[in-house]
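The values are calculated or read from the model by the stated rules, or taken from the named source; none is laboratory data. On a predicted model such as this, the values are computed, not experimentally measured, just so you know. Heads up, the Cβs are rebuilt from the backbone with ideal geometry, glycines too, and the neighbour counts pull from every protein chain shown. We work out accessible area using only protein heavy atoms, side chains counted, and drop any ligands, DNA or RNA first. Shrake-Rupley method; radii C 1.70, N 1.55, O 1.52, S 1.80 Å.
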Amino acid sequence: MITDGAPGLIGAVELVLANSLRQRCLVHRARNLLARIPKHAQDEVKAAFWQIFDDIAADPGEQAVAEARQRAETFAKRYRDRYPAAVACLTDTLPELTCFLRFPREHWSRIRHTNLIERTFGETRRRVKVIGRLPSERSCLSLVWAVLDRASRGWRGVVMTPAAVRLLQELRRQLHHPSRLEEVVDQPVTTAA
């Protein structure tokens, strides 16, 4: 599940989909973090934030998460004295920010943020605004279906290799035995020197 920071949605996911991974949208978290930084330093800190998650060389799974965690520790050491609230914004949700790294590398660029969902909602709003008022429930469903069908085309280009399928099967097994996953996900990020 990919979410922004909305507590109602997070609560619903934790209640209804308790055995699922929840990816926190990196774009929304970057905005939250930058709101705690003075304007003059935002470009520098933004670049450092994205360096945590971009160009991970490790294999998907625990190794990739560990690499991101190490990069986050470097970020925390660099900025904790100047921008402690921004560092806390990152470190408090780091396990949710790195969930995408457990999935096949080919999926990373699509599942690390909510842009696909937001783009779909935006397109639906745009079309409804042009129409003004939908004449029936059926017309509304037809419109939503058309927008979702169009959005789903973006997933048709994802190649499912045998290695990707095995990785997804292992994630499924871990979700059915949460104690195996919690040992890794709940590791704290150190921010002390």
Carbon plus sulfur fraction of accessible area for region 18-140, probe 1.4 Å, in percent | 51 percent
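Under the 0.36 nm per residue contour assumption, what length would be gained going from the current alpha-carbon distance of Asp55 and Val27 to full extension?
8.5 nm
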Arranged from highest to lowest average of other beta-carbon atoms within 10 Å per residue, in what order do the peptides 90-99, 35-44, 22-31 appear?
-> 90-99, 22-31, 35-44
